[in-house]
Amino acid sequence: MNPAPLQLAAHGIPLAWYLLLSAALFSLGVIGFLIKRNVITVFMSIELMLNAVNLTFVTFAHQWHAVKGQIFVFFVMMVAAAEAAVGLAIIIAIFRARATLAVDRIDLMKL
Amino acid sequence: MHLILFLLFAGLCLAGAINLLLQSHPINSALSLIVVMTSLAVLYLLLGAEFLAAAQVIVYAGAVMVLFTFVIMLLNAGREERTLGSRAARTVGFPAVVVILAILATVILHIQGLGAATMQDGITSTEDLSTILFTKLLLPFEVTSVLILIAILGAVALARRGDGDTERLAGK
């Protein structure tokens with residue numbers, strides 16, 4: 001499973017490493033989503049998860065020499081930019097209404 | 001060379017992501033996220049996606065993170081309070097994360113026929129990308145531009161101060 005470094009230099013990096021890195025980044029994003037108590041940091045964890053998935057898309061686009069995966073990443077980026085703009089506007093609106101950014105205190109819709 | 005670049009920037013990526021979790025001040029988390037996104041741009045370049053590497057730096061590390069740091073500084077977000085979080089997150093969340101990571105790692109390590117990335121092969125030029133984007137996928141591309149327009153209008157409408165807000169804030 002783990003070729004020697006000399007072999008790696010000749011044959012390139014196994015794409016499984018990129019996928020493993022992507023899985024690790026995604027898990028770190030989920031953990032951040034669970035443990036962070038500031039709504040902006042929670043939002044940043046979501047962005048981290050989106051980036052991890054993008055890395056998987058690019059890796060598979062490289063594996064199959066297909067452009068479609070990269071097109072997908074392009075659209076994900078555009079939607080993420082729109083999502084960030086709307087999400088941060090919502091955060092500003094929440095801060096204006098509740099004067100706090102702690103998710104524990106924004107519990108109006110909680111059961 | 002490729003191996004060194006990969007290890008360096010994959011390490012930076014993981015270090016930035018872990019630092020994002022450990023920092024308690026949002027601005028430090030935002031700066032670590034910029035490190036993660038810029039390292040990802042280098043990894044895209046190693047995978048032959050040159051346009052996406054540029055877009056990653058411009059759109060994510062540039063535009064989106066500028067928006068984040070701007071909002072953090074605008075709202076003067078302080079150090080977050082450490083609480084234990086919800087009980088559901090502790091009892092269900094963390095084991096679920098570990099299980100997901102374990103399953104993903106097992107599946108990835110058992111995929112047959114995964115290739116390797118070298119410096120020479122598989123570079124997608126911007127020309128290839130734009131040819132498909134502006135011929136076969138022209139409609140989705142234009143729809144995306146409409147989506148961004150709607151998002152801009154929505155952001156302005158959401159963040160605009162309502163009529164009643166001014167007096168209420170002044171009264172506080």
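The values are calculated or read from the model by the stated rules, or taken from the named source; none is laboratory data. Remember, it's a predicted structure, so these values are computed and weren't measured experimentally. Using ideal geometry, Cβ is built from the backbone for each residue, glycine included, and neighbour counts are taken over all protein chains shown. To get the accessible areas, we keep the full protein, side chains included, count just its heavy atoms, and leave off ligands, DNA and RNA. Shrake-Rupley method; radii C 1.70, N 1.55, O 1.52, S 1.80 Å.
Some points to look at:
- Per this entry, A:L25 is not counted among residues that are open to solvent by less than 30 Å² (accessible area, probe 1.4 Å) and modelled with pLDDT under 85.
- Evaluation of A:I106 against the conditions (1) open to solvent by less than 30 Å² (accessible area, probe 1.4 Å); (2) more than 26 Å from B:G16 (Cα to Cα); (3) more than 7 Å from chain B (Cβ to nearest Cβ) shows that the sole unmet condition is (1).
- Just one of the listed residues (B:V66, B:V71) is of a type outside the set (G, A, S) and open to solvent by less than 50 Å² (accessible area, probe 1.4 Å), and it is B:V71.
- Selection count, the stretch A:37-48, where residues are within 7 Å of chain B (Cβ to nearest Cβ) and either farther than 15 Å from B:G16 by Cβ or in contact (Cβ under 8 Å) with a residue 24 or more places away in the chain (or both): 4
- Out of B:A49, B:A17, sole residue that is buried (at least 23 other Cβ atoms within 10 Å of the Cβ), assigned by TED's automatic domain parsing to the domain that holds B:M65 and farther than 20 Å from A:M78 by Cα: B:A17
- Any hit, the stretch B:78-92, residues being facing chain A (nearest Cβ under 7 Å), touching a strand residue (DSSP E or B) at 6+ places or on another chain (Cβ under 7 Å) and either surrounded by fewer than 13 Cβ atoms within 10 Å (Cβ to Cβ) or at pLDDT below 80 (or both): yes
- Residues in the stretch A:58-70 that are surrounded by fewer than 23 Cβ atoms within 10 Å (Cβ to Cβ) and among the hydrophobic types (A, V, I, L, M, F, W, C): A:F60, A:W64, A:A66, A:V67.
- Residue check: A:N51 meets all listed conditions (1) in contact with a helix residue (DSSP H, G or I) (Cβ under 6 Å, 6 or more places away or on another chain); (2) more than 7 Å from chain B (Cβ to nearest Cβ); (3) modelled with pLDDT of 90 or more; (4) over 21 Å from B:A89 (Cβ atoms) but one, namely (2).
- Within the option set B:L22, B:L3, B:L52, being within 9 Å of another protein chain (Cβ to nearest Cβ), among the hydrophobic types (A, V, I, L, M, F, W, C) and closer than 17 Å to A:L25 by Cβ holds for one residue only, B:L52.
- Residues in the stretch A:1-13 include at least one that is over 30 Å from B:M73 (Cβ atoms) and touching a Phe, Trp or Tyr at 6+ places or on another chain (Cβ under 7 Å).
- Scan of the stretch B:26-38 for residues that are closer than 17 Å to A:T41 by Cα and open to solvent by 50 Å² or more (accessible area, probe 1.4 Å), ordered by number: B:N28, B:L31, B:V35
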